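The structure under discussion appears below in the form of structure tokens.
Any read-out appearing in this document is the output of simple, stated calculations on the displayed coordinates, not a laboratory observation. Computed from a predicted model, the values in this text were never measured in an experiment. All Cβ positions, even for glycine, are placed from backbone atoms using ideal geometry, and neighbour counts span all protein chains on display.
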Protein chains: 2
Amino acid sequence: MAMVEISPSSSSHAIKASSFHSSKLSYVPSRISHQRRLNVRPPPRTRHAKVFCSVTSKEVQAPVAVPTEDPKKKSECYGVFCLTYDLKAEEETSSWKKLINVSVSGAAGMISNHLLFKLAAGEVFGPDQPIALKLLGSERSREALEGVAMELEDSLYPLLREVSIGIDPYDVFRDAEWALLIGAKPRGPGMERAALLDINGQIFAEQGKALNAVASRNVKVIVVGNPCNTNALICLKNAPNIPAKNFHALTRLDENRAKCQLALKAGVFYDKVSNVTIWGNHSTTQVPDFLNAKINGLPVKEVIKDTKWLEEEFTEKVQKRGGALIKKWGRSSAASTAVSIVDAIKSLVTPTPEGDWFSTESNGDGDYELVKDVIFDDYLWSRIKTTEAELLAEKKCVAHLTGEGIAVCDLPGDTMLPGEM
Amino acid sequence: MAMVEISPSSSSHAIKASSFHSSKLSYVPSRISHQRRLNVRPPPRTRHAKVFCSVTSKEVQAPVAVPTEDPKKKSECYGVFCLTYDLKAEEETSSWKKLINVSVSGAAGMISNHLLFKLAAGEVFGPDQPIALKLLGSERSREALEGVAMELEDSLYPLLREVSIGIDPYDVFRDAEWALLIGAKPRGPGMERAALLDINGQIFAEQGKALNAVASRNVKVIVVGNPCNTNALICLKNAPNIPAKNFHALTRLDENRAKCQLALKAGVFYDKVSNVTIWGNHSTTQVPDFLNAKINGLPVKEVIKDTKWLEEEFTEKVQKRGGALIKKWGRSSAASTAVSIVDAIKSLVTPTPEGDWFSTESNGDGDYELVKDVIFDDYLWSRIKTTEAELLAEKKCVAHLTGEGIAVCDLPGDTMLPGEM
């Protein structure tokens, strides 16, 4: 995959942030850091070292949990999920995998309200993968977090073995094998894009530091909160001990929307569209790639002869989808965003179908390979250069958060996607 | 299962509505109507006789759909789901079952917003069951329905082969094999319960007539909209050609909540609790049955010795859950309600685990058997008599909607569950 290197370095923790990047991969690491990653091994850790219970002993007949000294400062297991259990002792779970820890920020929000139930149902990691959900909220959303945990209790998901809630990322991200960073401040009225970059950047800088300190050494991070690409960059720059290639920015919703629009135009069902890439920033400069995309295995341009539509209308249709949806439904697209997060994770943990890509190929262990046979023409290249320039400008604008000096914000016009204000 | 017969009749269309009923089974039919049901065969029908497209021919390069004469009056397939396809021609789908038609009312609401994506993901009917979703909304929610359909498009679910939207139940329920009736008018400020029964009863009377006229002859109906038990009665009374035993009122959320509360009290994980029944009305007179319930295969009373808690606090905890959740989260429990609908359907289409029940047993084809070895004691019996009396009063209050004469509303005090106002 073509890659423009911004800050090549042989330092072990430095990464090359590609100035453009394909769907789901905001920042891809250099080969050096990739190889280095292979030598990093997670330290041995004790699971369930601290399980304590939000249920009072008065409530529970058989006391099963050990309270810690200061519950207020720690994330708390919730309700029924505070009960001890022994996975191995249970006959029906003998074929289950080892428990996986998934931390989710913005857990009280609408996207999470869809996503958490999909995770718990086994839709993402499969029907033999027990799961621990660690929910990160804010002081303000604390009660709402409890509401979410109550609904998870009432759902009786067999795979869902632990739920804990908290407001401190240093606590909630502990031992996380996946960190799904959904929470971000929405853009207020009159707020400049630079101000949004700064306010959210600070959140993601802190979360990066927290991941670096307490998460699994091979934690996979998916940044959903916007501006997701630059947030992902900030996050990874603040987590030097985690392989940079583990950080992803979600553009899968755009990819899915692009597939649907190509299907509609070609008059085929959406499962006939493959090899779709979204290059660049998750903004109006993004580049849904129809040059490399295929329909029924054929290049899109051989199937859709209307080049004007491809070059002028297609991208607009993808980008305006979110805004159109808000107009129709009155809310932003929480459900399909959650679906796209599921898709993104599944693409990383299951082998990519032969010949297809989701901008990267995966051999099924949460790792991925870069695709080599991507083609470019002048049109695609010029659009990629534009979105690259925007990413570079954003990067300079958050230099104070990435340890690269003094921020200089000279951003192009407002390129926030409709529906993401 | 003990059953009090209200209107025994040998008339072919009459059914015996049991005055109390267990989880998910609001009204169970007599043996006569059951046997009769076996002789009813659905008439041959042509699938996809009318597929037309909301995409203009200008948009679609290869025209694939046939518009009908008056799209405004008919439900419309939506967007990409208007495209023709041939399941059998597709290699990857060779192991798929025949397409199943699922109609959902209240499709633009929050419960549906969770449920539809679970249905489309295969969480309910399995990964080899292609599905057609027929979404029923109101004139007012028409645009929101389109928003939901757009999000379903963008989700690229391989199993989701058709989506149509409409506001006429005679159209949306056509050939439905499952009808999930979620939509109901919420209770306005100052509205009497009798008025709520009437206003919603009229909706369900109309929907019953529509199902009777156009649905599959063996359609399974799950009524979620409250007051769900009496709505289910009204619906089935207006659908004499559909087996009465196919109508269910959803009390599975109560059942799930009851399991969770028993697990918490006993200090076990919720998967250890089985054989839980919710008797009677989905109201504050409902009877979560701890006498027959089991924990780790043992009667609950042998595990939880605190009889006072069981008799006084347990039921309240189950009933107040919805209200507590609204207080925490600020919204009603859409996600866990959707999960309970999934559970209810799955219980009907998959074999019930040996020894367990969900108030009924199922042999896995959407049909069920009544459980025989239910026990009663004075406490359980007296509480069942109370909820029975309430159901009978509600029945008299909607006599004008069930073809049983003039309505007489003499309802006990307000028994609406907290959180369902």
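Restricting region B:318-355 to trypsin sites (Lys or Arg not before Pro) that sit in a DSSP loop and have at most 15 other Cβ atoms within 10 Å of their own Cβ leaves B:Arg331. In the structure displayed, which of A:Lys185/B:Lys327; A:Lys317/B:Lys118; B:Lys265/B:Lys395 lie more than 28 Å apart, Cα to Cα? The pairs that break the limit, which is 28 Å between Cα atoms, are B:Lys265/B:Lys395.
Note on region B:252-382: Kirkwood radius taken over Cα pairs, Stokes-Einstein applied at 10 °C and 1.306 mPa s, translational D equal to 103 µm² s⁻¹.
Residues B:Phe125, A:Phe358, arranged from fewest to most other Cβ atoms within 10 angstrom of their Cβ, appear as B:Phe125, A:Phe358.
Under 15 Å from a label point set 7 Å out along the Cα-to-Cβ vector of B:Ala194, no amide N atom of region B:272-295 is found. Each copy carries a label point for B:Ala195 at 7 Å from Cα toward Cβ; from one copy, the others' points are 4.6 nm away, ordered from shortest.
Look at the alpha carbon pairs under 8 Å that are at least 6 residues apart: their mean separation over the length of region B:207-304 gives a relative contact order of 21 percent. Each label was represented as a point 7 Å from its Cα along the Cα-to-Cβ direction; for B:Cys409 and A:Lys98 these points are 6.2 nm apart.
Among the GluC sites (Glu not before Pro) found in region A:368-421, those both in a DSSP coil and sparsely packed, with 13 or fewer other Cβ atoms within 10 Å of their Cβ, are A:Glu404. Inter-label distance, B:Arg217 to B:Glu139: 3.6 nm, where each label sits 7 Å from its Cα along the C-beta direction.
Sorted from closest to farthest, the other copies place their A:Thr350 label points 1.7 nm away, with each point set 7 Å from Cα along Cα→Cβ. Annotation for region B:366-421: trypsin sites (Lys or Arg not before Pro) lying in DSSP loop with at most 13 further Cβ atoms inside 10 Å of their Cβ are B:Lys372. For the pair B:Asp365 and B:Glu206, a Förster radius of 30 Å applied to the C-beta separation gives a FRET efficiency near 0.55, rounded to the nearest 0.05. Taking 0.36 nm per residue of sequence separation and removing the Cα-Cα distance, the A:Thr350/A:Phe376 pair yields an extension gain of 6.6 nm. Max-minus-min Cα coordinates of region A:365-421 on each principal axis give 38, 32, 25 Å, with the largest extent listed first.
Enclosing the Cα atoms of region B:113-205 in their convex hull gives a volume equal to 114 cubic angstrom per residue. Taking the centroid of alpha carbons for each part, region A:254-291 and region B:383-407 are 55 Å apart.
Tell me, how many Å apart are the Cα centres for region B:174-249 and for region A:164-237? If we compute the Cα centre of each part, the gap is 46 Å.
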